[in-house]
Structure formats: structure tokens, C-alpha cells
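The values are calculated or read from the model by the stated rules, or taken from the named source; none is laboratory data. This is a predicted model, so every value here is computed, not measured. All Cβ positions, glycine included, derive from the backbone under ideal geometry; neighbour counts span all protein chains shown.
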Amino acid sequence: MLDANLGADLQCGYAAGLGGIRLAESAKQPVILAVRIRGTATDNPDVRKTMETLKMESTFRARLLENSPSTLGMLRAAKNLVAWGQVNPEVLENLLRKRGEREGNKEFDDEFAKVFFRKENIAELARSVVAGEIGVKDLWLAGVKPRFRLHPPRGGFKRSTRRAATDGGELGYRGEDINRLVRRMI
């Protein structure tokens, strides 16, 4: 049940009634990057359905998601399998260049950004996506595949993959720390 003072809690940056996730921090940016870290061996059927809805069925797959209450609710439901946070434009540029795929196995280059989005290069496209000028759905409609296939992190996980980031682990909401993890996985 939601707290009556939820609006005040959100302005303070902490929503205790919603699992202790700092929603005000994630509300600043219109795009969230989520990475599936754990597998499906003991998934609850409801969590499995949530992961199918998010299109994150396999481990080490990243996905750009719109920052909406429904998306945050799904991520909270799958918090034992997924890490998420705000993506930097530099990390998104590397992700698009090195791991971005287009339908039909077409080349993903600066020409794509010019033709479909009237941006000079992929770096400018990444800045526009992070700023919210270009929606995530617009990328998918232009033929970009919604998933990014990543490697396991170089050097391994630095913390436990069974605990939340707030408890010294890798899972759950990470804020800006998601960029450090994704850099090692690209």
C-alpha cells in the first residue's frame, strides 16, 4: 500500500513504501538501462512473465527502457534478477556502436543516425536519447533491435550477484553505477 506522504518522500529522494528505491533520482532521466544478471533456474512464474514482457529472457542482455511507473514496477518485481540505473551518453554511444544491431544485419554507423534521425553521428544520437528528445520506441521503429547482447563483465562481478546493490551486491537499482558495469560488459 502506498504511503499517504509519498509525494513528500519522492521529493526527499526516498520512497520507503516502494522497496527503498530512490525514485526521485531515476525520475530525472527519461531512459533507464537494465541488464539481466541472473538466470532462470528458479524463476517464479510471475517474474518470468515480467521478464518476457521486458524482453529480457536471457542473461547478460541489456535493454533501454522508458522511465515510467509501470516499468519501474516491473523492474522492482524482477529486482532479484536485474540491475538497472541511469545511462550516460558515452556508455550508450559505445553500446550502440559495438553491441547495437539493426534488423536485417545492416551496419550500425553514423550514416544510420543521419538518415533516420537527422543527427550527425551516433554520439549525438545517444545524447538525444538520454535527454529524451528521441524516444526509445523511435529507435525500435527505425529498425534497431531492442536488446543488446553483452559479455559477462571483464574481471568478473565485483560484488555478490545474489544481493541488492544497497546490501553490497550487484542487483537492483544502481543509479550511475550501472555505467561502470556495462562498460566492462561491452
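Quick one: which of Leu125, Leu141 is crowded, with 20+ Cβ neighbours inside 10 Å, farther than 18 Å from Val35 by Cα and at pLDDT 90 or above?
Leu125
Being at pLDDT 90 or above and on the phi > 0 side of the Ramachandran plot is true for just one of Lys49, Lys98, Lys55. Which residue is that?
Exactly one residue qualifies, and that residue is Lys55.
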Quiz prompt | Among (1) under 25 Å from Thr53 (Cα atoms); (2) touching a Lys or Arg at 6+ places or on another chain (Cβ under 7 Å); (3) not basic (Lys, Arg) - the single one Ala113 does not satisfy | solution = (1)
Quiz item: Counting just the residues of the range 26-46 that are buried (at least 16 other Cβ atoms within 10 Å of the Cβ) and not in a loop (DSSP other than H, G, I, E, B), which one comes out modelled with the lowest pLDDT?
Solution: Ser26
Practice problem: Go through Phe148, Phe116 for me and flag whichever is more than 18 Å from Met56 (Cα to Cα) and surrounded by 14 or more Cβ atoms within 10 Å (Cβ to Cβ). | Solution: Phe116
Quiz item: So Gly132 clears everything in (1) loosely packed, with under 14 Cβ neighbours inside 10 Å; (2) on the phi < 0 side of the Ramachandran plot; (3) modelled with pLDDT of 90 or more; (4) not hydrophobic (A, V, I, L, M, F, W, C) except one condition, right? Which one?
Solution: (2)
Quiz item: When the residues of the range 53-82 are filtered to those that are of a type in the set (Gly, Ala, Ser) and in a helix (DSSP H, G or I), which remaining residue is surrounded by the fewest Cβ atoms within 10 Å (Cβ to Cβ)?
Solution: Ser70
Quiz item: Does the range 141-186 hold any residues that are charged (D, E, K, R), free of Cβ contacts under 8 Å to residues at least 12 places away in the same chain and part of a helix (DSSP H, G or I), and which are they?
Solution: Asp167, Arg180
Practice problem: Would you mind telling me which numbered condition in (1) surrounded by 14 or more Cβ atoms within 10 Å (Cβ to Cβ); (2) among the basic types (Lys, Arg); (3) outside the structural domain of Asp177 (by TED's automatic domain parsing); (4) not in a helix (DSSP H, G or I) Lys106 fails? | Solution: (1)
Practice problem: Could you please tell me which pairs satisfy a Cβ distance under 8 Å, a separation of 6+ or placement on different chains, a first residue in the range 19-41 that is more than 24 Å from Glu57 (Cα to Cα), and a second residue that is of a type in the set (A, V, I, L, M, F, W, C) and modelled with pLDDT of 75 or more? | Solution: Leu23/Leu72; Gln29/Val87; Gln29/Val130
Quiz item: Quick check, is Arg97 farther than 15 Å from Arg36 by Cα and outside any helix (DSSP H, G or I)?
Solution: no
